[in-house]
């Protein structure tokens, strides 16, 4: 699992690759503590598997951002991840987009 | 030749031949010998030769005595090392071993005291010999240099009262992870002292490795015992019997993946209330998931028992309200399924907070997944789950499992999946609830082919009966 972060203006982008599970979730939660902004976009294009620890880590990030007046938005969910979001109805809690441009632009709406 | 004896022939002109000449007196007269004393030489009289031989004999005796002393000392040290090895073996804990080694090494090297540092643990003998913070700095320096270090007064970094200090890095498990410090050897550390200290430091490394291994084994055994107790407690919190409902055949079981787990199920039966069943799966695994599970299990059960006119959706909503803040602090959520059976109308009312898989099979129909409508408990400040109703006559089947079934993997990494579960439910549909449950567990066990169970596997099977 690879974790990379970058900034697009006021938006922090988190790029994730591979299997997103209990092994990487603590690193993602730890990253929230260093967030310069409350506007976060998570790139899930490279994520092939996600377990409940990963979902909890994303939920924690979404809550932190909303508490600070921002939000965490997701984009490019692959089919296995999309299934998890549908079964758990997590798509009702997150704003999900197809592309990075749409996700980033959503903060300026 | 003994080292001390070699000095005497050098005083003879034909130094290397001299001992032979002295022994072969028949060929050479003693008066022919010339003894040098600086630049002056004179012929030796028999008396002088006698004196010379006597002096040499005394010198040899002194050398022999010195050598014997050294041999005795070396033997003592070897015995001491052997003794150290034997006695250290009887000390099992890391701290105890370090204290014993510090005491013994100080005694063997005739130092005033010794300090041993391994990781965060620092012990000294005698106690309070030197400031621990200061000693830690010396140890850091020695470990960075990766070689023995000898400091003698006057030295700017030595505190008052310390005349000499010997620092010896100790290799543990393949790298420098500790240091032995010897303090105040009267007369200074000699080469044999340092050689002995180095040997002890190396032996100490082995003893410390053994002690650490013992400690780890002990910790592991303690942890396993505690986990076994925790599992027992957790299993005690699950229902010890199934509710007796004349028109339902019920079976439930939970198999945690790691001793304790984050799954729970329960049945709530109160007088004059329809029976309610609860099943939840806390995100994550292990002890933290188990602790959160206890919290949410208690909250859900309490809501189901005491809320006026409780319905599955109202139980989930109340639980979400009660625990949302806690779940936020803990970075966790819980998927949950709650159902309520009304025998009078043959109906099963349910609400689903992000839980899957839930399988329903109408009599004579095909098994189908009942998808959730609400998000899991703890995700949003309000619950989005609503009540739904199923016909539940004789032959109807409801199978609620946790994702430990659907996400179980075979040796190649393939997941068990929902399709296999649905097929199995169709296959076993006419069997008693317990047989269906055993069938599901057996199928998953066969699929994983002995792979370690990755997630908790919990299920409730309910069949409508006449």
- line: For segment B:379-406 the number of residues that are in contact with a strand residue (DSSP E or B) (Cβ under 8 Å, 6 or more places away or on another chain) and within 8 Å of chain A (Cβ to nearest Cβ) is 2
- prompt: Could you list, in sequence order, the residues of segment A:75-91 that are within 14 Å of chain B (Cβ to nearest Cβ) and surrounded by 19 or more Cβ atoms within 10 Å (Cβ to Cβ)?
  reply: A:81, A:84, A:85, A:87, A:88, A:89, A:90
- prompt: Only one of (1) modelled with pLDDT of 85 or more; (2) exposed (fewer than 12 other Cβ atoms within 10 Å of the Cβ) is not met by residue B:180, so which one is it?
  reply: (2)
query: Hey, which of the strands (runs of 3 or more DSSP E) in chain A, taking only ones fully inside, have at least 1 residues that are at pLDDT 95 or above and within 24 Å of residue B:325 (Cα to Cα)?
result: A:39-50, A:71-75, A:95-97
- request: Given the conditions (1) within 14 Å of chain B (Cβ to nearest Cβ); (2) crowded, with 23+ Cβ neighbours inside 10 Å, report the number of the one that residue A:71 does not fulfil.
  value: (2)
message: Taking the conditions exactly as written (farther than 30 Å from residue B:77 by Cβ, under 21 Å from the mean Cα position of the chain (by Cα) and surrounded by 12 or more Cβ atoms within 10 Å (Cβ to Cβ)), does residue B:211 satisfy them or not?
response: no
field: Given (1) more than 9 Å from chain B (Cβ to nearest Cβ); (2) farther than 17 Å from residue B:379 by Cβ; (3) surrounded by fewer than 21 Cβ atoms within 10 Å (Cβ to Cβ), index of the condition residue A:22 fails
entry: (1)
message: Based on this model, can you work out whether residue B:164 counts as surrounded by 12 or more Cβ atoms within 10 Å (Cβ to Cβ) and at positive phi?
response: no
message: Could you check segment B:407-433 and list, in sequence order, the residues that are more than 13 Å from chain A (Cβ to nearest Cβ), surrounded by fewer than 17 Cβ atoms within 10 Å (Cβ to Cβ) and either under 27 Å from residue B:362 (Cβ atoms) or more than 34 Å from the chain's Cα centre (by Cα) (or both)?
response: B:423, B:426, B:427, B:430, B:431, B:432
task: Using the structure shown, decide if residue B:307 is farther than 30 Å from residue A:61 by Cβ, in the same structural domain as residue B:370 (by TED's automatic domain parsing) and either touching a residue at least 60 places away in the same chain (Cβ under 8 Å) or surrounded by 22 or more Cβ atoms within 10 Å (Cβ to Cβ) (or both).
output: no
message: On the basis of being buried (at least 18 other Cβ atoms within 10 Å of the Cβ) and more than 9 Å from every other protein chain (Cβ to nearest Cβ), does residue A:94 make the cut?
response: yes
- prompt: Restricting attention to segment B:445-466, and to residues there that are part of a helix (DSSP H, G or I) and without any contact (Cβ under 8 Å) to a residue 40 or more places away in the chain, which single residue is surrounded by the fewest Cβ atoms within 10 Å (Cβ to Cβ)?
  reply: B:446
- line: For segment A:3-23, the count of residues that are farther than 17 Å from residue A:70 by Cα and touching a helix residue (DSSP H, G or I) at 6+ places or on another chain (Cβ under 7 Å) equals 5
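Would you mind stating whether residue B:437 is under 30 Å from residue B:315 (Cα atoms), under 38 Å from the mean Cα position of the chain (by Cα) and modelled with pLDDT of 95 or more?
Spelling it out, residue B:437 is indeed under 30 Å from residue B:315 (Cα atoms), under 38 Å from the mean Cα position of the chain (by Cα) and modelled with pLDDT of 95 or more.
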Number of the condition not met by residue A:52 [criteria: (1) out of contact with any helix residue (DSSP H, G or I) (no Cβ under 6 Å at 6 or more places or on another chain); (2) surrounded by 14 or more Cβ atoms within 10 Å (Cβ to Cβ); (3) in contact (Cβ under 8 Å) with a residue 12 or more places away in the chain; (4) within 14 Å of another protein chain (Cβ to nearest Cβ)]: (3)
Segment B:257-289, residues that are crowded, with 24+ Cβ neighbours inside 10 Å and away from chain A (no Cβ under 14 Å): B:260, B:264, B:276, B:277, B:278, B:279
query: Can you name the number of the only condition in (1) farther than 27 Å from residue B:296 by Cα; (2) touching a residue at least 40 places away in the same chain (Cβ under 8 Å) that residue B:416 fails?
result: (2)
- request: Select from segment B:319-351 the residues that are crowded, with 19+ Cβ neighbours inside 10 Å and more than 29 Å from residue A:32 (Cβ to Cβ) and list them in ascending order.
  value: B:337, B:338, B:339, B:340, B:341, B:348, B:349, B:350, B:351
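The values are calculated or read from the model by the stated rules, or taken from the named source; none is laboratory data. It should be emphasised that the depicted structure is a prediction, and the values quoted were computed from it without experimental measurement. With ideal geometry, Cβ positions are generated from the backbone for all residues, glycine too; neighbour counts draw on all protein chains shown.
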